Amino acid sequence: MRVLICGGGVIGASIAYFLSCRGVKATVIEGTGLACAASGKSGGFLALDWSDGSPLAPLARRSFALHAELAEEIAEDWGYRRLDTYGGFAGFRRRHSAYDLGWLSDDVTVAQALGSPETTAQVHPGQFTAALMRAAEAQGAELRLGRVTGITQYECRATGVEVDGKIVEGDAMVIAMGPWSILAAL
């Protein structure tokens, strides 16, 4: 089976990695470069319990644990670190706070602790995405730079994608182009 993944952000690279772990041939097709949009510019924060009480709680907890597992599995530096997190405000002269953080500007007041190294972590989003893709490639996945310009079909079933005027055949397609995913419907 060959899966074509349109989009080289964190979702596309993650899908390629986990499929390659299962022996599935995955090809990521990316028009610009890995993690060139939101996947390379987000804060990269991971929180175990910030979604508790919401429908997202199980997903957040699994994501937090999975990132820790990936830090062990993917022997590359992608900026994974456990850390303390705080909430506060800026723009006013610092008021007295129970949290004396010498590295903060005098114009920042820490109002509360949000998490500890047991409950919060951070990754470098661009490095994380690239590390996932390299790990996927080491297991047989492929990264192909090119612009997806169409989806080929046979009897109402997707059979491939058109990339820069050439057809790339596949057994399944995944559209993982973030806010640009709607373009696949046009």
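The values are calculated or read from the model by the stated rules, or taken from the named source; none is laboratory data. Just so it is clear, the structure is predicted and the values come from calculations on it, not from any experiment. Glycine gets a Cβ as well: all are built from the backbone with ideal geometry, and neighbour counts include every protein chain shown. When the accessible area is computed, the model is the full protein with side chains, heavy atoms only, and any ligands, DNA or RNA have been set aside. Shrake-Rupley method; radii C 1.70, N 1.55, O 1.52, S 1.80 Å.
Observations on the model:
- Any pair with Cβ under 6 angstrom, 6 or more apart, that starts in the stretch 153-171 at a residue that is under 20 Å from GLY31 (Cα atoms) and touching a residue at least 24 places away in the same chain (Cβ under 8 Å) and ends at one that is assigned to a strand (DSSP E or B) and open to solvent by 100 Å² or more (accessible area, probe 1.4 Å): GLY160/GLU169
- Per this entry, ASP49 is counted among residues that are open to solvent by less than 70 Å² (accessible area, probe 1.4 Å), out of contact with any helix residue (DSSP H, G or I) (no Cβ under 7 Å at 6 or more places or on another chain) and acidic (Asp, Glu).
- Within the stretch 78-92, residues that are closer than 16 Å to LEU114 by Cα and in a loop (DSSP other than H, G, I, E, B) sit with their Cβ atoms under 6 Å from residues that are open to solvent by less than 60 Å² (accessible area, probe 1.4 Å) and small (Gly, Ala, Ser), at 6+ positions apart or across chains, in these pairs: ASP84/SER116.
- Among the criteria (1) open to solvent by less than 40 Å² (accessible area, probe 1.4 Å); (2) under 22 Å from SER116 (Cβ atoms); (3) of a type in the set (Gly, Ala, Ser); (4) over 16 Å from the mean Cα position of the chain (by Cα), the one GLY44 does not fulfil is (4).
- Total residues in the stretch 52-67 satisfying the condition of being assigned to a loop (DSSP other than H, G, I, E, B) and open to solvent by less than 50 Å² (accessible area, probe 1.4 Å): the figure is 1.
- Looking across the stretch 17-33, the residues that are open to solvent by 40 Å² or more (accessible area, probe 1.4 Å) and at pLDDT below 95 come down to GLY31, THR32.
- Residue satisfying condition, being under 16 Å from ALA141 (Cα atoms) and touching a Cys at 6+ places or on another chain (Cβ under 6 Å), within set ILE5, ILE11, ILE15, ILE29: ILE29
- Cβ-Cβ distances below 9 Å connect the following pairs, each with a first residue in the stretch 22-43 that is of a type in the set (Val, Ile, Thr), a second residue that is open to solvent by 40 Å² or more (accessible area, probe 1.4 Å) and part of a loop (DSSP other than H, G, I, E, B), and a separation of six or more residues or different chains: VAL24/MET1; VAL28/LEU34; ILE29/ARG147; THR32/ARG147.
- Pair list, Cβ < 6 Å and 6+ apart or interchain, from the stretch 60-75 residues that are free of Cβ contacts under 8 Å to residues at least 12 places away in the same chain to residues that are open to solvent by 30 Å² or more (accessible area, probe 1.4 Å) and of a type outside the set (A, V, I, L, M): ALA71/TYR80
- Single residue of the stretch 119-149 satisfying the filter (of a type in the set (S, T, N, Q) and in a helix (DSSP H, G or I)) that is surrounded by the fewest Cβ atoms within 10 Å (Cβ to Cβ): GLN127
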